[in-house]
Structure formats: structure tokens, C-alpha cells
Amino acid sequence: MKQKNEFFEAFHRFRKLDITSMFPELSGSDFRTLMTIECVGKEKEGKGVRVSELAQQMRVATPAASRTLKGLEERGMIERSVDTEDRRNTYVFLTQKGKEVLANAEQIMNDFSHAVFERLDEEKMEHLIAYLKEVYEVSAQEIKKRAVAKPPKDGKRQDADIA
């Protein structure tokens, strides 16, 4: 089926776009990490985000999240704090510099997306968005039917996640 191949090729091409090349101080992993800390941190009303929770939210292994956090910490964008009541938990927070770098990256993304969408036909975009939502729903249903439990990497049971 030609359309199927073209569809997945189009998505693959989007994945190859190096959007983070527009960010002066961040890699893709850095950007996603800062965004996740900010989003989850807002939900927790500034109480910080546990490293394990951050890794889970980002769907990466805890050691991978820790490596990214180490680099961000060395550059002064995050700080860590050990929970005084339960020393097994480490919380991460954005520093002022981290907030500023993230705000700059978000502004770059807003400017970029505005420039892109300004050049596209609004009615076609509405149809595309509707089609993509439909493809997502059908894909989610098919994945759910075919999903298999993965063996635990860290002793915790992992179910297939389609949300």
C-alpha cells in the first residue's frame, strides 16, 4: 500500500528535523527535561519533581534522566535537593537560569510554529488535524489490541502505554 509507506515516511521525516538546532544552549534531551520539570513542577506547586517521577514522565530509564540532569546542573539550569524526611528521594527544580533558558527556547518554538503555520492554508490544516486525530484513535485501539507486557527493567511491572 503506497499511502501507508508515504504516511510513515512523512512522520519519519518530521522526526529527523533538528528543531533543537534553533536553541543556543540546549539539546533535545535538555529541552524535554526542562519542559517536563516545569510542567510537573507546576502540578506540584513548586515542590520539585522526584528524579524517578521525571524519568517515568519522560519515558526514559532513571540513569538516562540522571545523566541529563547532571549536565543541566553543571550548567546551572537545575538544582537538586534531597528530601529531608526520606533521603531516598531527590527532587529537582529549575533555577532562575533554567527558567530563562526554557522561556527563550519556548519563544523560539512559538516564533517558529507561527512562521510555519502562517504559510499554510488554514482549512487544509483543520482537515489535517482532524485526520491525524482519527489516525491516532485508530492506532491507539490497534496498539491496545496487540500490546504485550514487557519484562520489567527495574523490578516494576510495565504495561503498554498508549495515551
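The values are calculated or read from the model by the stated rules, or taken from the named source; none is laboratory data. Note that the coordinates shown come from a computational prediction; the quantities given were computed from them, not determined experimentally. No Cβ is skipped: glycine too gets one built from the backbone with ideal geometry, and neighbour counts run over all protein chains shown. Areas reflect the complete protein model, heavy atoms only, side chains present, ligands, DNA and RNA absent. Shrake-Rupley method; radii C 1.70, N 1.55, O 1.52, S 1.80 Å.
List the pairs whose first member sits in segment 49-60 and is under 19 Å from residue 82 (Cβ atoms), whose second member is open to solvent by 30 Å² or more (accessible area, probe 1.4 Å) and assigned to a helix (DSSP H, G or I), and whose Cβ atoms are under 6 Å apart, counting only residues at least 6 apart or on separate chains?
Filtered contacts from segment 49-60: 52/62; 55/62.
Being of a type in the set (A, V, I, L, M, F, W, C), closer than 11 Å to residue 93 by Cβ and assigned to a loop (DSSP other than H, G, I, E, B) is the filter here, so list the residues in segment 46-82 that pass it.
77 - this is the single residue of segment 46-82 that is of a type in the set (A, V, I, L, M, F, W, C), closer than 11 Å to residue 93 by Cβ and assigned to a loop (DSSP other than H, G, I, E, B).
Inside segment 16-33, can you point out the residues that are assigned to a helix (DSSP H, G or I), within 13 Å of the chain's Cα centre (by Cα) and either exposed (fewer than 12 other Cβ atoms within 10 Å of the Cβ) or of a type in the set (Ser, Thr, Tyr) (or both)?
Those that are assigned to a helix (DSSP H, G or I), within 13 Å of the chain's Cα centre (by Cα) and either exposed (fewer than 12 other Cβ atoms within 10 Å of the Cβ) or of a type in the set (Ser, Thr, Tyr) (or both): 20, 29, 33.
Which residue pairs have Cβ atoms under 7 Å apart, sit 6 or more places apart or on different chains, and have a first residue in segment 29-40 that is within 15 Å of residue 53 (Cβ to Cβ) and a second that is open to solvent by 50 Å² or more (accessible area, probe 1.4 Å) and part of a helix (DSSP H, G or I)?
36/57; 40/57
Residue 103: open to solvent by less than 70 Å² (accessible area, probe 1.4 Å), out of contact with any helix residue (DSSP H, G or I) (no Cβ under 6 Å at 6 or more places or on another chain) and either under 27 Å from residue 128 (Cα atoms) or in a helix (DSSP H, G or I) (or both), yes or no?
yes
Being closer than 19 Å to residue 28 by Cα, out of contact with any Ser or Thr (no Cβ under 8 Å at 6 or more places or on another chain) and of a type outside the set (D, E, K, R): is that true of residue 117 here?
no
Yes/no per residue for (1) closer than 21 Å to residue 11 by Cα; (2) small (Gly, Ala, Ser); (3) modelled with pLDDT of 95 or more:
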residue	(1), (2), (3)
39	no, no, no
50	no, no, no
56	no, no, no
81	no, yes, no
90	no, no, no
113	yes, yes, no
128	yes, no, no
133	yes, no, yes
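Given the structure, is residue 73 within 30 Å of residue 22 (Cβ to Cβ), in contact with a Lys or Arg (Cβ under 7 Å, 6 or more places away or on another chain), modelled with pLDDT of 90 or more and surrounded by 10 or more Cβ atoms within 10 Å (Cβ to Cβ)?
So residue 73 passes the test.
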